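Visitor: Shown below is the structure under consideration.
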Amino acid sequence: MSRITPIVHKTRTQVVVEVLREKILSGEIAAGMPLRQSALADEMNVSRIPVREALLQLEAEGLVKFEAHKGATATTLSAVQVTELFDLRALIETDLLAKAIPNMTEDDLAEAESILDSLDVAFQDKDQIESWSGLNSQFHTCLYRAADKPHTIEVVNGLNTNCDRYVRLQLFLASGIPKAQQDHRELLDYCRQGDVDNAVALLRSHILHAAEAIRILVAQQEG
């Protein structure tokens with residue numbers, strides 16, 4: 001008698017995390033907006049327990065902040081945070097890329113190009129904005145994987161989660177898409193050529209240029 005494989009369902013907490021994360025990153029939940037557990041529970045038709053657990057997870061991702069006598073709020077945009085996060089990315093990711101390039105295979109490069117093609121298609125449709133930063137991160141991670149440093153890549157993934165809202169801001173509001181597309185294609189070409197020095201220099205410039213554009217946007221919003 002054959003066994004039936006059970007369908008794995010997402011927990012209520014996972015569903016709430018995904019919904020709230022997307023609303024915060026897309027700007028539907030504005031920076032500084034209070035996140036009242038009872039209202040969110042009613043809106044999502046769940047108890048307050050998964051909402052509380054979801055907010056704690058989002059706090060760990062840097063998207064939610066808990067304050068005494070105020071509760072949870074969506075984290076505010078911060079030029080100081082942008083500088084710290086993107087400086088860390090430039091430091092860690094350039095090191096990963098330098099170590100990865102000598103070990104890259106044709107399969108690695110083909111996968112990176114496939115992700116880049118998907119990203120270019122997504123860039124043409126603003127209804128797909130929620131996929132932009134995810135595909136962007138997938139492309140970069142694909143280039144770093146050959147470095148064989150899984151713990152470091154895990155750190156990068158955490159930084160990318162915290163940078164996600166800023167990256168969308170830069171791409172959508174700062175007209176950063178053409179520059180990003182050009183940089184990505186050139187970066188992939190340098191990887192194919194095994195040109196570590198130029199690839200690392202371009203990646204550092206790519207990350208820090210985005211940071212500068214985002215700092216200008218954040219300053220405008222604060223003003």
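The values are calculated or read from the model by the stated rules, or taken from the named source; none is laboratory data. Computed from a predicted structure; not experimentally measured. Virtual Cβ from ideal backbone geometry, glycine too; neighbours counted across all protein chains shown. Side chains included, ligands, DNA and RNA excluded: accessible areas come from the protein's heavy atoms. Shrake-Rupley method; radii C 1.70, N 1.55, O 1.52, S 1.80 Å.
Visitor: Output yes when any residue across segment 73-85 is in contact (Cβ under 8 Å) with a residue 40 or more places away in the chain and in a strand (DSSP E or B), and no when none is.
Guide: Within segment 73-85, one or more residues are in contact (Cβ under 8 Å) with a residue 40 or more places away in the chain and in a strand (DSSP E or B).
Visitor: Filter segment 71-96 for residues that are among the hydrophobic types (A, V, I, L, M, F, W, C) and within 15 Å of Val156 (Cα to Cα) and give the result.
Guide: Selection gives Val82, Leu85, Phe86, Leu88, Ala90, Leu91, Ile92, Leu96.
Visitor: Here are Glu111, Glu93: which of them is of a type outside the set (Phe, Trp, Tyr), in a helix (DSSP H, G or I) and open to solvent by 60 Å² or more (accessible area, probe 1.4 Å)?
Guide: The conditions single out Glu111.
Visitor: When only residues in segment 10-34 that are out of contact with any Asp or Glu (no Cβ under 8 Å at 6 or more places or on another chain) and within 13 Å of Thr76 (Cα to Cα) count, which is surrounded by the most Cβ atoms within 10 Å (Cβ to Cβ)?
Guide: Ile24
Visitor: Can you spot a residue in segment 143-150 that is over 16 Å from the mean Cα position of the chain (by Cα) and without any contact (Cβ under 8 Å) to a residue 24 or more places away in the chain?
Guide: Yes, some residue in segment 143-150 is over 16 Å from the mean Cα position of the chain (by Cα) and without any contact (Cβ under 8 Å) to a residue 24 or more places away in the chain.
Visitor: Can you name the residue in segment 201-214 that is free of Cβ contacts under 8 Å to residues at least 60 places away in the same chain and open to solvent by 70 Å² or more (accessible area, probe 1.4 Å) and, of all such residues, is farthest from Leu91 (Cα to Cα)?
Guide: Taking the candidates together, the pick is Glu212.
Visitor: Right, something else. Checking the conditions here, which among Val121, Val46 is part of a loop (DSSP other than H, G, I, E, B) and either buried (at least 19 other Cβ atoms within 10 Å of the Cβ) or at pLDDT 90 or above (or both)?
Guide: So the residue among Val121, Val46 that is part of a loop (DSSP other than H, G, I, E, B) and either buried (at least 19 other Cβ atoms within 10 Å of the Cβ) or at pLDDT 90 or above (or both) is Val46.
Visitor: Further, regarding this structure: Sort through Val64, Val51, Val46, Val82 and tell me the only one that's under 19 Å from the mean Cα position of the chain (by Cα), β-branched (Val, Ile, Thr) and more than 24 Å from Val200 (Cβ to Cβ).
Guide: Val64
Visitor: Right, something else. Just checking, how many residues over segment 141-200 are of a type in the set (D, E, K, R) and buried (at least 17 other Cβ atoms within 10 Å of the Cβ)?
Guide: The qualifying residues number 6.
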